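Below is one structure, written out as structure tokens, with a few remarks after it.
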Amino acid sequence: MQLNGSVNINAPRQKVWQFLTNPDAVARCAPGVESMEVIEPNKKFKVVASVGFGTVKVKFNTDVELTELNPPTSGTIKARGTGQGNTANVVASFMLSDGDNRTTDLAWTADVTIVGSIAGMATRLMSSVTQNLSGKFFECMKAQVEIAEGVIEAPVAQPGFFGRLIQAIREFFARLFGSKTEAR
């Protein structure tokens, strides 16, 4: 199956290149990644990732290699994953070019082949699954690079139910006893 897409990132090309060739950064944004081990820095690594195809989830042990790297313009990523009687082969290429106002245009293509018991199911669901996974990856990547560049602010965690409850209790006792509470 052939896939492609593009995204504009509000950061210089070199910063986008650094992200795409950093296995730790990529692993943090890749949906389903459970672990990543560097075999050869900036070149080869092993990844364990789970991918869901409808109600079926398959864990792949994957060898990944960055090849044909032309800093900071283009590169190719080759991955071969096996798991539970299935094999997934991916060859993805990316091209970086300067956009307007110090932005970077990233165009990518991928050729994905799945063989095994999920191949029939994967073919029917592949388009939606891969669009969802690639969308999540590029959304995360864009945010991470732009946060590092100071273009956007990192989201501030909002207190959950218990955090709000504790704050309300503090405020209640502060009013009851006439003292101010510090925001924590």
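The values are calculated or read from the model by the stated rules, or taken from the named source; none is laboratory data. Source: prediction; values computed, not measured. All Cβ positions, glycine included, derive from the backbone under ideal geometry; neighbour counts span all protein chains shown.
In the stretch 47-54, the count of residues that are at pLDDT 90 or above, in the same structural domain as ASN22 (by TED's automatic domain parsing) and not aliphatic (A, V, I, L, M) is one or more.
Per-residue answers, yes or no, for (1) hydroxyl-bearing (Ser, Thr, Tyr); (2) assigned to a strand (DSSP E or B):
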position	(1), (2)
PHE45	no, yes
VAL64	no, yes
GLU68	no, yes
GLY75	no, yes
ARG80	no, yes
VAL90	no, yes
SER93	yes, yes
LEU96	no, yes
ARG102	no, no
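Within the stretch 114-135, identify whether any single residue is touching a helix residue (DSSP H, G or I) at 6+ places or on another chain (Cβ under 7 Å) and either modelled with pLDDT under 70 or not aromatic (Phe, Trp, Tyr) (or both), and answer yes or no. Scanning the stretch 114-135, I find at least one residue that is touching a helix residue (DSSP H, G or I) at 6+ places or on another chain (Cβ under 7 Å) and either modelled with pLDDT under 70 or not aromatic (Phe, Trp, Tyr) (or both), so the answer is yes.
Take the conditions more than 18 Å from the chain's Cα centre (by Cα), assigned to a helix (DSSP H, G or I) and among the small types (Gly, Ala, Ser) and apply them to GLY120. Does it pass? If you could, list the steps in order and put the result at the bottom.
Working: more than 18 Å from the chain's Cα centre (by Cα): yes; assigned to a helix (DSSP H, G or I): yes; among the small types (Gly, Ala, Ser): yes.
Taking the combined requirement at face value, the residue satisfies it.
In the stretch 83-96, the residues that are closer than 23 Å to PHE19 by Cβ and in the same structural domain as ASN8 (by TED's automatic domain parsing) reach residues that are modelled with pLDDT under 90 and not acidic (Asp, Glu) with C-beta atoms within less than 6 angstrom, at least six apart or across chains, in these pairs: VAL90/VAL112.
Every test in (1) crowded, with 16+ Cβ neighbours inside 10 Å; (2) assigned to a strand (DSSP E or B); (3) under 18 Å from the mean Cα position of the chain (by Cα) is passed by GLU37 save one, and that test is (1). Within the stretch 45-87, the residues that satisfy the criterion of being touching a strand residue (DSSP E or B) at 6+ places or on another chain (Cβ under 7 Å) and of a type in the set (S, T, N, Q) are SER50, ASN61, THR62, THR67, THR73, SER74, THR76, THR82, GLN84, ASN86, THR87.
For the stretch 18-69, a residue qualifies if it is of a type in the set (Ser, Thr, Tyr) and touching an Asp or Glu at 6+ places or on another chain (Cβ under 9 Å), and exactly one does: SER50.
If you filter the stretch 1-17 down to residues that are under 19 Å from THR76 (Cβ atoms) and either in contact with an Asp or Glu (Cβ under 7 Å, 6 or more places away or on another chain) or among the acidic types (Asp, Glu) (or both), you find that the one that is surrounded by the most Cβ atoms within 10 Å (Cβ to Cβ) is ARG13.
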